[in-house]
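**Student:** The structure under discussion is supplied below as structure tokens; questions concerning it will follow.
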Amino acid sequence: MGKKDKKKGKGAEKTAAKTEKKFSQKLKKELAVIGEDDIEKIVADIEEEERRQQAVTEKVVQPPSRRVNFSLTPHPDKDELIFFGGEFYNGQKTRVFNDMYFYNIQRNEWTQVKSPNGPAPRCSHQAVSISADRGQIWLFGGEFISPSQTQFYHYKDLWVYYIAEKKWEKINASGGPSSRSGHRMVCVKKQLIVFGGFHESHQDFKYFNDVYAFSLENRTWKKLEPSGTPPSPRSGFQMFPLSDGKILIFGGYSKVKVKKDVDKGVTHTDMFLLSPEKGDTTGLKWKWCAVKPGGIRPSPRSGVSAAIAPANKIFTFGGVLDQDDNDDDEDLVSEFYNDLYILEADRTIWRSVSLSGKKEGGKQKRRRKKDAGEDQMDEDIAEEENEITKAEINEAPVVVADDGIFTMTVGPSTASEEPSDSLDPCSQNNKSKVFIPCPRINSGMAIKHGVIYLFGGIYEEGDKQYTLADFYSLDIHKLDEWQIIIPPDNKHEWLESSSESDSEDSDDDDDGDEDVEPMEVN
């Protein structure tokens, strides 16, 4: 029996090797036709170019270009946000970035910093900031996509950026996670904890649910083996460190094989706590525990943007639900969202947020002096009212921004309105006299000094993907109205796929490849 199994295994290995060789030869021919190098060479050339850079340059610039799957990280000490990487796809070509920007909140100013020997371009990576050495940014993994979207390269490198010195350092430590993107990383008690993600090639994909810890003190990786039942493999989930040392994980996305050459997307709605074992002093013993949250939960979705505020309050915005009943990408129907939710992590209670809108006249009531307890009670009541109050005003909508694709309005849509061919997501979804950013996924979201900041992302209309570069803020104490920092513009670029490519793909029944890869929700 053992010998049989051994032979079977060798046969499978030989078949896989032949398949890989056949695919590599075919891909090489395809790349020669479109004039694109092998992705290993593309990445190696970019890394060599990074090594050749000698000087640090720093200058005030225009805001980052439109993009998605970048990192937006609060500065650990200053009133700034740090923006890195991301991708842009125009329907025919993909561009991946490794530029770094510092956004000064008080001055509303973007500064681009270029430092020698930095990471290669990537998207769907993770970045974490800490206060050590006057500020550090730790960055792990991510993905590089070739211009034609036919090749994918996943990273497993770990970097640290010393903010004060404007210097990158690549950490050469063995035993870390395999190459991946769409994972999540948090900092807990002088450790970076990495969970999940996925690895994709043109032939296959794999999702992960493994856990790794990187010690910031001795700079070593350890694979953790938490007790309990872990979450299923996934990417694009949300993961946050809580004040008691636990880690909360919820949502996410994965694909499963339905049959040969047919995959089906799975949107995860479950929630877990990763908790340190009692009495453990090594930081390496953890346990999984499933959590059933209460309250008003968001509908099932992926591609959600989220950020954590003090008191373990997690804010989420947007997302998408792909409905695919026929196991056929062509019948995929996507519903995008622009609603806001709060997860009170201490009680695992969801709350839907309805913005109150700005008060007319700006009059403030005078009040007598109160003791600290009464003030706190007033603040709690005001916060509660802001989160549940919604003004129903029957007024005609007023256009506040129109970029030719999105029409942003203040005011409700009337019941008699029918959806039109033009894309007008905000007026269709916003029924109160409160401005709300357009529906989107995979945007950058961060909280700094009690204010949410939201940048970019993607909205889809049919086969088109509109990548955004708008920028908004929302005071979480007032929860009155989103403020427009950068309005949408009319420079959306989308190039249709060539009919020749479509014809070639439809004629080739052996490989089942598509002209445009379906968008991964990270």
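**Student:** Which residue, of Asp280, Asp210, is surrounded by fewer than 19 Cβ atoms within 10 Å (Cβ to Cβ), under 14 Å from Ser181 (Cα atoms) and not small (Gly, Ala, Ser)?
**Tutor:** Numbers: Asp280 fails: under 14 Å from Ser181 (Cα atoms).
Result of the check over Asp280, Asp210: Asp210.
**Student:** So Asn117 ticks every box in (1) at pLDDT 95 or above; (2) closer than 19 Å to Leu139 by Cα; (3) in contact with an Asp or Glu (Cβ under 9 Å, 6 or more places away or on another chain) but one. Which box is left unticked?
**Tutor:** Going through (1) at pLDDT 95 or above; (2) closer than 19 Å to Leu139 by Cα; (3) in contact with an Asp or Glu (Cβ under 9 Å, 6 or more places away or on another chain) one by one, Asn117 breaks only (1).
**Student:** Which number in (1) hydrophobic (A, V, I, L, M, F, W, C); (2) closer than 17 Å to Asn442 by Cβ; (3) at pLDDT below 95 marks the one condition that Val304 misses?
**Tutor:** For Val304, the failing item is (3).
**Student:** Specify which of the listed residues (Ser275, Ser254) is within 20 Å of Val304 (Cβ to Cβ) and in contact with a Lys or Arg (Cβ under 9 Å, 6 or more places away or on another chain).
**Tutor:** Result of the check over Ser275, Ser254: Ser254.
**Student:** When you scan the range 326-343, how many residues do you find that are charged (D, E, K, R), modelled with pLDDT under 90 and closer than 14 Å to Glu461 by Cα? Before you say what the answer is, go through the steps one by one.
**Tutor:** Taking the range 326-343 as the starting set, the residues that turn out to be charged (D, E, K, R) are 327-331, 335, 339.
Pick out the ones that are also modelled with pLDDT under 90 and you get 327-331.
Okay, now just the ones that are also closer than 14 Å to Glu461 by Cα, so 330-331.
Counting residues in the range 326-343 that are charged (D, E, K, R), modelled with pLDDT under 90 and closer than 14 Å to Glu461 by Cα gives 2.
**Student:** May I ask you to list the residues in the range 54-81 that are over 26 Å from Asn490 (Cα atoms), among the β-branched types (Val, Ile, Thr) and either within 16 Å of the chain's Cα centre (by Cα) or buried (at least 21 other Cβ atoms within 10 Å of the Cβ) (or both)?
**Tutor:** Thr73
**Student:** Separate question: Does Ala44 satisfy being surrounded by 12 or more Cβ atoms within 10 Å (Cβ to Cβ), modelled with pLDDT under 95, of a type in the set (Gly, Ala, Ser) and part of a helix (DSSP H, G or I)?
**Tutor:** yes
**Student:** Go through the range 146-164 and give me each residue that's assigned to a strand (DSSP E or B), surrounded by fewer than 18 Cβ atoms within 10 Å (Cβ to Cβ) and over 19 Å from the mean Cα position of the chain (by Cα). Give the derivation first.
**Tutor:** First pass over the range 146-164, keeping only residues assigned to a strand (DSSP E or B): 152-162.
Adding the requirement that they be surrounded by fewer than 18 Cβ atoms within 10 Å (Cβ to Cβ) leaves 156, 162.
Result: Tyr162, single match.
**Student:** Now, a different point. Within the range 213-235, can you find the residues that are in contact with a Ser or Thr (Cβ under 8 Å, 6 or more places away or on another chain), of a type in the set (S, T, N, Q) and in a strand (DSSP E or B)?
**Tutor:** Ser235
**Student:** Right, something else. Which pairs have Cβ atoms under 9 Å, sit 6 or more apart or on different chains, and link a residue in the range 103-123 that is on the phi > 0 side of the Ramachandran plot to one that is surrounded by fewer than 18 Cβ atoms within 10 Å (Cβ to Cβ) and among the polar types (S, T, N, Q)?
**Tutor:** Close Cβ pairs (under 9 Å, with a partner that is surrounded by fewer than 18 Cβ atoms within 10 Å (Cβ to Cβ) and among the polar types (S, T, N, Q)) amount to Asn117/Gln53.
**Student:** A follow-up question, please. Out of the residues in the range 170-198 that are within 22 Å of Asp45 (Cβ to Cβ) and in a strand (DSSP E or B), state the one that is nearest to the chain's Cα centre (by Cα).
**Tutor:** Top of the filtered list is Ser181.
**Student:** Among the numbered conditions (1) in contact with a strand residue (DSSP E or B) (Cβ under 8 Å, 6 or more places away or on another chain); (2) surrounded by fewer than 15 Cβ atoms within 10 Å (Cβ to Cβ); (3) within 17 Å of Val291 (Cα to Cα); (4) charged (D, E, K, R), tell me where Lys257 comes up short.
**Tutor:** Condition not satisfied by Lys257: (3).
**Student:** Only one of these is within 25 Å of the chain's Cα centre (by Cα), of a type in the set (Ser, Thr, Tyr) and assigned to a loop (DSSP other than H, G, I, E, B): Ser352, Ser299, Ser275. Name it. Write out each step before concluding.
**Tutor:** Working: Ser352 fails: assigned to a loop (DSSP other than H, G, I, E, B); Ser275 fails: assigned to a loop (DSSP other than H, G, I, E, B).
Only one candidate qualifies: Ser299.
**Student:** Follow-up. When you check Phe250 against the structure, is it crowded, with 18+ Cβ neighbours inside 10 Å and farther than 28 Å from Pro298 by Cα, yes or no? Working first, answer last.
**Tutor:** Working: crowded, with 18+ Cβ neighbours inside 10 Å: yes; farther than 28 Å from Pro298 by Cα: no.
So Phe250 fails the test.
**Student:** Taking the range 114-145, which residues are under 27 Å from Lys189 (Cα atoms) and of a type in the set (Asp, Glu)?
**Tutor:** Passing the criteria: only Asp133.
**Student:** Specify the residue that is surrounded by the most Cβ atoms within 10 Å (Cβ to Cβ); the eligible residues are those in the range 124-133 that are touching a strand residue (DSSP E or B) at 6+ places or on another chain (Cβ under 8 Å) and without any contact (Cβ under 8 Å) to a residue 60 or more places away in the chain. Step through it out loud before you land on a result.
**Tutor:** From the range 124-133, those touching a strand residue (DSSP E or B) at 6+ places or on another chain (Cβ under 8 Å) are 124-130, 133; that's our starting set.
Checking the rest, the ones that are also without any contact (Cβ under 8 Å) to a residue 60 or more places away in the chain come to 125, 127, 129, 133.
Values: His125: 28, Ala127: 21, Ser129: 21, Asp133: 11.
Ranking the candidates gives His125 first.
**Student:** Counting only residues that are in contact with a Lys or Arg (Cβ under 9 Å, 6 or more places away or on another chain), surrounded by fewer than 20 Cβ atoms within 10 Å (Cβ to Cβ) and either free of Cβ contacts under 8 Å to residues at least 12 places away in the same chain or not aliphatic (A, V, I, L, M) (or both), how many does the range 173-190 have?
**Tutor:** Matching residues across the range 173-190 total 3.
**Student:** Just to be sure, is Glu143 at pLDDT 95 or above and assigned to a strand (DSSP E or B)?
**Tutor:** Yes.
**Student:** To continue, here is another question. Could you check how many residues of the range 99-113 are surrounded by 16 or more Cβ atoms within 10 Å (Cβ to Cβ) and either in a loop (DSSP other than H, G, I, E, B) or at pLDDT below 95 (or both)?
**Tutor:** 1
The values are calculated or read from the model by the stated rules, or taken from the named source; none is laboratory data. In this text, all values refer to a predicted model and were calculated from it rather than measured experimentally. All Cβ positions, even for glycine, are placed from backbone atoms using ideal geometry, and neighbour counts span all protein chains on display.
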